[in-house]
Amino acid sequence: MALALAAAIRRGERTCLAVAEEAVRRARTSKLNAFARVDATATNRKLPDGPLRGVPVAVKDSICIKDETPTAGSRAVGSWKAREDAFAVARLREAGANVIGSTNCDEFGMGSTGETCQRGFTRHPLDLRRAPGGSSSGSAAAVASSIVPLALGSDTGGSIRLPAAWCGVVGVKPTYGRVSRRGLLAYCSSTDCVGVFARSVEDAAFALGLIAGHDDGDATSSQECVPDYLSMLSIPTNDRVASINVEVDDDIESVVAGASNALKADQCDALSPQFLRDCAAAYHVLAAAEAHSNLARYHVNHENPPFGAEVTRRVALGKRLLGERHAEGLYERAVDVRAQARARLDDVLSSVDVLMLPVAPTAAPKLNAPSVITKEARGSLARDLRDDLPRDYANDFLTAFASLAGLPALSVPFGRTSGGLPVGVQVVGKAFDEAAVLRTARRLELIRDDALSSPARRVLLSEDD
Amino acid sequence: MLQRVITARLQAVLRTRRASSGFRPVIGIECHVQLNTPTKAFCRCAPSTTAPPNTRVCGVCLGEPGSLPVASTDAPLLGLKAAVALDCDELAETLEWDRKNYQYPDLPKGYQITQARTPLARSGKVQIDDRTIRITSLHLEEDSAKTTDVLDHNRAGIALAEIVTEPDLRSGTEAAAFVRELQQVVKRCGASRARLEHGELRVDVNVSVTQEGEVRERVELKNLNSLRAVRLACDFELRRQALLYESGDTVQRETLGWNGSETYVMRDKGGAAEYRFSPEPDLPPLPLTEALAQLDRVQIEETTPRAARRRCVAAGLDSETASLLVDRDLDAFLLEAVDSGADAMTSARWLLGEVAALSTELPSSFTPRDLADLVGAVAAGTLSRRSAKELLPVLFQEHLGVAAEIEKRGLARVDDADFMSGIVAEIIDESPDEVALFRAGKTKLRKVLMGRCMKRARGRADPKKLGEALDEALL
Ligand SMILES: [Zn+2]
């Protein structure tokens, strides 16, 4: 894992060269199609002396690396090369991390399985016939298969939490504005967040601390000071936890119920399943509208940019929702749902510190899985938008609300399905209270690892090393 | 297409016939003013209208992937200054940005950052003589790239203020007068350099005609880049529309250009319905509390052309001369000369006459003190008008001051009787034939002899006294 590896390098037990060579070799030979590009120069790079010196990291391919093309899983970016590292990449490099390559993702982040990537889909590390989750599919798969201990991703409606849950790693979406978006190819600018994947909460907390902080180059980045997340993990607290009841697969429900019981969580009834689905629908309206605008730059040189089907569909939807379909009022309703989500969560989180719920209704599905049909209440936004929602829209049900409200959220692995697939528990906190979210995840991690050492609870067996 | 044909058919008619006066012109103006900020609106590039193409660009103003705009605070400050100078009653308390989404090659991001929901300011006015032209709104936005033989992104992202009037203007002349006044307002408050020829001020005009209060379709005239173009294009368009209606045709809503002699149909960017607006998610709303507190309204009012005209009139000018000086940016110079003791009207006549004839721009060597001294010397009779004119080019170079230059060049008027009789004696000596003929009765020759005397005196002698000396010598 990242911090342990950095310590081993500092002690001279491992060399940067050997670590880099192994990571590059494994990235190249992996059958997962996690990587869009592996940087051969990673093995002879002079790394600054920092706390992550020599630790190999991977970066979602929608995040700029100087002099490289961030494809964002698309052909539309062409051969354009980034002028500079994205803010988060620069911060990791300053800490001595060794960026070994870029990872595949759903095209411009628009997908929840990794399958819209125009460079081919990434496969699930535990079952090659399954989807690793998206859109940060390659980053999740690369960390889960231990090619790298840390990776950057981005989460717009669930794009870090979902693949983290399905692949069985920790994935953190920080508060909107906590990490600069400079150098991230925009999808839905009002909810896009850069975040991290790691194999432990400690690693995730440490990496988040490195990339968080104000950036003059992003007007939405916060001035709020960054606490030492790592040291705050071990502070004993009385964090009040509440769990949200939702309709999910039985396997998922029992894992999350286990987590809920272990933390003696209260029930939170203020967020109904229909409201969460409306949040997901609202997210899709706003995201389509912003995507149509953000991706317009790829039209400037092409009449019809070589977008894939899903991106084409969402961009066209956004254009219509702001244009000829504006009169239907869907955009305004989505803005309204967002305001409601913010108000309700403000209210709920005034009496509890963190919320707990599943990340997705199912564990990792088979590739090319059929769409899930849901019953939506009459008059709900989700119902009125039904024909315009993506096929895999059900995967966003449980994550989009936190994106809409801009709250910090993460997925921490806490068990498996009867079929052995990882299940993640989602923890959502107050704005800029990543510390409480990470601390809760750390408690779950300790409970899980405790259970692992007790022979009676083999059911929770994970393949963590 | 049809429009093209009609326009062609109208050409001949327009040259020979004026439209009947039953139609009332309705003109509204939209001006784009480049704000004089040290950086572009959303990046650190330094704006320039003269730098080689694509040398003032970065990832942000090129709209590269992963780039983010960061709003400068200079643009809203200058925008607010202009708004106060335009007498705007409503100033926004929060700066809000929107995106205007449309595809055009000069728009690198595929959208323009603008203000669609809440303009920076509303409800202003500009006075043109005794007419009040209402300003609807002033909002900020970013400029697009410029299409020349190459697509030049130096202009992309430069901060603009778009100023929109109500349809209060009634003729091409009035429209041009408005633009000139607006130019003065934004220039004098420091918001823009506002040079039309550099595109720092660009004018679009909406023109329609009404008859008996009936509102008719309007056309938009784009890119009128001189006051003359504004005047001529408006008048042409008003006549064209009136003639179309007279001949039973209608006016199409369209965008027209001006080629110097007629309006023509431009390739359109698409009607207003094609624009899709959305809030700009990259730029959070910015409270303007601090900027508003910083605004010195009294000081800004003092910068306006109307205040300048007031000062000129107070110094003793008639209002017409005051306007002329203000339009030519000569008012401050004149007032300084008046402060140095010069007579206001006389100085103004010199400035607008002899000085302007010599050069369109005042050289730094020519100071208000010089003008005051020059006008003073003429008034005191120590310098003839002719000598003063002779001295002017000297004052446009490095010089010693008016008094010293008069002395050095011997330009002072001489009243001395010996000086006069000396010149007369020389001329009579050199012109024996003319003198003889004069004495024989050809009295017309006095004029010739007087001319020679004047020339010899090089303007230093009082013509009357010199004449008397000549007459005496000829007796
Ligand atoms: Zn720039």
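The values are calculated or read from the model by the stated rules, or taken from the named source; none is laboratory data. Being a predicted model, the structure only gives us computed values, none of them experimental. Note that we place each Cβ from the backbone using ideal geometry, even for glycine, and neighbour counts take in every protein chain shown. Remember, those area values only see protein heavy atoms, side chains included, never the ligands or the DNA or RNA. Shrake-Rupley method; radii C 1.70, N 1.55, O 1.52, S 1.80 Å.
Enter the mean number of other protein chain beta carbons within 10 Å of the beta carbon of each residue in A:175-185, as an integer.
Working: counts 0, 0, 1, 0, 0, 1, 4, 6, 5, 3, 4.
Neighbouring Cβ atoms belonging to other protein chains average 2 per residue here.
Where q = 0.22 Å⁻¹, what log10 of I(q)/I(0) comes from the Debye formula for region A:200-323, counting one point per Cα?
-1.12
Determine the shape class of region A:1-149: with a ≥ b ≥ c the square roots of the Cα gyration tensor eigenvalues, call it rounded for a/c under 1.5, and otherwise prolate if a/b is greater than b/c, oblate otherwise.
Working: a/c = 2.19, a/b = 1.40, b/c = 1.56.
Cα axes put region A:1-149 in the oblate bin.
Give me the residues in region B:55-70 whose solvent-accessible area, probe 1.4 Å, is reduced by at least 30 Å² once all protein chains are included instead of the chain isolated.
Flagged in region B:55-70: B:Glu64, B:Pro65, B:Gly66, B:Leu68, B:Val70.
By how many nm would the segment from A:Arg240 to A:Asn44 grow when fully extended, if each residue of separation counts as 0.36 nm and the alpha-carbon distance is taken off? Kindly include the intermediate steps, with their values, before the conclusion.
Values: separation 196, 0.36 × 196 = 70.56 nm, distance 4.82 nm.
Gain on stretching A:Arg240 to A:Asn44: 65.7 nm.
How would you order B:313-320, A:178-185, B:194-201, A:197-204 from highest to lowest mean count of nearby Cβ atoms within 10 Å? Each step should come with its number before you reach the end.
Values: B:313-320: 14.9, A:178-185: 28.2, B:194-201: 17.1, A:197-204: 25.6.
Peptide ranking by packing, descending: A:178-185, A:197-204, B:194-201, B:313-320.
For peptide B:91-103, compute the average count of partner chain beta-carbon atoms within 10 Å of each residue's beta-carbon. Write down the numbers at each step before the final one.
Values: counts 0, 0, 0, 0, 0, 0, 1, 0, 7, 1, 9, 1, 4.
Taking all residues of B:91-103 together, the mean is 2.
With each pseudo-label sitting 7 Å past Cα toward Cβ, what's the B:Met345-A:Leu128 distance in nm, one decimal?
Rounded to a tenth, the inter-label distance reads 10.2 nm.
Would you work out if region B:49-174 is rounded, prolate or oblate? Take a ≥ b ≥ c from the square roots of the eigenvalues of the alpha-carbon gyration tensor; rounded if a/c is under 1.5, else prolate when a/b is larger than b/c, oblate otherwise. It would help to have the intermediate numbers written out before the result.
Numbers: a/c = 2.32, a/b = 1.66, b/c = 1.40.
It is prolate, given that a/c is not under 1.5 and a/b is the larger ratio.
Quick query: amide H of A:Ala36 versus all other amide H atoms, modeled in the peptide plane; which residues come in under 5 Å with a sequence gap of 5 or more or a different chain?
Answer set, sorted by chain and number: A:Ser102, A:Thr103, A:Asn104.
In whole Å, largest first, what are the principal axis extents of the Cα atoms in chain B?
The Cα atoms of chain B stretch 94, 57, 42 Å along their principal axes.
Ratio to report: Rg/Rh of region B:304-409, with Cα atoms as the point set and Rh obtained by the Kirkwood method; give two decimals.
Details: Rg = 13.2 Å, Rh = 13.7 Å.
My calculation puts Rg/Rh at 0.96.
Once each part is reduced to its C-alpha centroid, what is the distance from region B:295-354 to region A:283-303 in angstrom?
Result: 54 Å between the Cα centres.
Kirkwood hydrodynamic radius for region B:417-474: how many Å is it when counted over pairs of different Cα atoms?
Values: mean 1/r = 0.0903 Å⁻¹.
The Cα-based Kirkwood calculation yields 11.1 Å.
Under a 5 Å amide H to amide H cut-off, with H placed in plane at 1.01 Å, what residues pair with B:Val265 once short-range neighbours are removed?
Here the answer is B:Gly257, since their amide H atoms fall under 5 Å of that of B:Val265.
What does the highest-first list of A:135-146, A:222-233 look like by mean Cβ count within 10 Å?
Result, highest mean first: A:135-146, A:222-233.
Which value in Å does the Kirkwood hydrodynamic radius of region B:336-475 take, with 1/r averaged over all unlike C-alpha pairs and then inverted?
On the way: mean 1/r = 0.0603 Å⁻¹.
Radius from the Kirkwood sum: 16.6 Å.
Over 27 Å between Cα atoms, which of B:Lys109/B:Lys187; A:Lys430/B:Lys40; A:Lys173/A:Lys366 qualify? Mind dumping the intermediate values first?
Values: B:Lys109/B:Lys187 30 Å; A:Lys430/B:Lys40 37 Å; A:Lys173/A:Lys366 25 Å.
Flagged as over cut-off: B:Lys109/B:Lys187; A:Lys430/B:Lys40.
Roughly how far apart, in whole Å, are the Cα centres of region A:68-88 and region B:413-441?
Going from one Cα centre to the other spans 93 Å.
Starting from the Cα gyration tensor of region A:309-465, take the square roots of the eigenvalues, sort them a ≥ b ≥ c, and report rounded, prolate or oblate (rounded when a/c is under 1.5, otherwise prolate if a/b is larger than b/c, else oblate).
oblate
Taking 1 over the mean of 1/r across every pair of different Cα atoms in chain A, what Kirkwood radius in Å do you get?
Over chain A, the inverse of the mean reciprocal pair distance is 21.6 Å.
Peptide A:286-296: average number of partner chain Cβ atoms within 10 Å per residue?
On the way: counts 3, 0, 0, 6, 5, 0, 5, 11, 8, 2, 11.
Mean shielding by partner chains, rounded to a whole number: 5.
Mind ranking A:271-282, A:377-388, A:40-51 by how tightly packed they are, going by the mean number of other C-beta atoms within 10 angstrom, highest first? Don't skip to the end; give the middle numbers.
On the way: A:271-282: 23.2, A:377-388: 15.5, A:40-51: 13.5.
My ranking of the peptides, most packed first, is A:271-282, A:377-388, A:40-51.
Could you tell me which of B:Leu445, B:Val435, B:Gly422 has its Cα farthest along the dipole of region B:417-474 towards the positive end, charges placed at Cβ (Lys, Arg +1; Asp, Glu -1), taken about the Cα centre?
B:Leu445
Compactness ratio of the protein assembly as shown: Cα Rg over 2.2 N^0.38 Å, N = residue count? Don't skip to the answer; put the middle values down first.
Working: Rg = 38.6 Å, N = 940, 2.2 N^0.38 = 29.7 Å.
Normalised Rg, Cα atoms only: 1.30.
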